[in-house]
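Trainee: For reference, the structure I am asking about is given below.
Bear in mind that the values in this text are calculations on the coordinates, not laboratory data. No experiment lies behind these values; they were computed from the predicted model shown. Here the Cβ is made from the backbone with ideal geometry for all residues, glycine too, and neighbour counts use every protein chain on show.
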Amino acid sequence: MSESTRVTEKGQATIPKELREKYDLEPGDEVVWVDTDEGIVVQKRTRTSGRGLLVPDDISEGKRTEIADELARRVRDRRDRNYEEV
C-alpha cells in the first residue's frame with residue numbers, strides 16, 4: 001500500500017486509517033521514527049523489557065532484560081515486605 005499525507009506547519013503527519021487499523025494503532029500509542037539509508041521508517045513502539053531504564057544505549061537486549069527482571073523482583077519483594085508489616 002502506498003498513500004501520501006501532508007506534514008502540517010507543526011510537523012505533524014496523519015497515518016492513513018487503513019494503516020492504523022492494519023497495525024492496531026490507537027490514540028495514545030507511540031511510534032518510533034527511524035532514519036535509515038532508504039528513508040524514514042515508522043514503527044509502532046512496543047513494550048520491551050528494560051524500556052525506560054536509565055542504562056547506556058549500548059547495553060544488550062539480554063542485559064536489559066536481566067536488569068528489568070532484577071528490578072521487578074526487588075519491587076515485588078519490597079511490596080510483599082510492606083504488606084507483611086501492616
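Trainee: Would you compute, from DSSP H runs of 4+ residues alone, the mean residue ellipticity of the chain at 222 nm, taking -39500 (n - 2.57) per run and dividing by the full residue count, rounded to the nearest 500?
Mentor: Taken over the chain, the calculation gives -12000 deg cm²/dmol.
Trainee: Here's a follow-up. On full extension of the chain, what length is gained from R74 through D24, given 0.36 nm per residue of separation minus the C-alpha to C-alpha distance?
Mentor: Taking R74 through D24 to full extension adds about 14.7 nm, to one decimal.
Trainee: If you take the beta carbon distance between T65 and I15 as r and set R0 to 41 Å, what does 1/(1 + (r/R0)^6) give as a FRET efficiency, to the nearest 0.05?
Mentor: 0.85
Trainee: With P(r) over Cα pairs in 10 Å bins from 0, in percent defined as stated, name the option among (1) 13, 14, 13, 13, 14, 15, 12, 5; (2) 13, 29, 26, 20, 9, 3; (3) 21, 56, 22, 1 computed from the structure displayed.
Mentor: (2)
Trainee: On to the next question. For region 1-75, state which GluC sites (Glu not before Pro) are in a DSSP loop and have at most 13 other beta carbons lying within 10 Å of their beta carbon.
Mentor: Hits after loop and neighbour filter: E3, E9, E30, E38.
Trainee: Given DSSP loops and a limit of at most 14 other Cβ atoms within 10 Å, what is the longest stretch of the chain that contains no such trypsin sites (Lys or Arg not before Pro)?
Mentor: Longest run free of exposed loop sites: 52-86.
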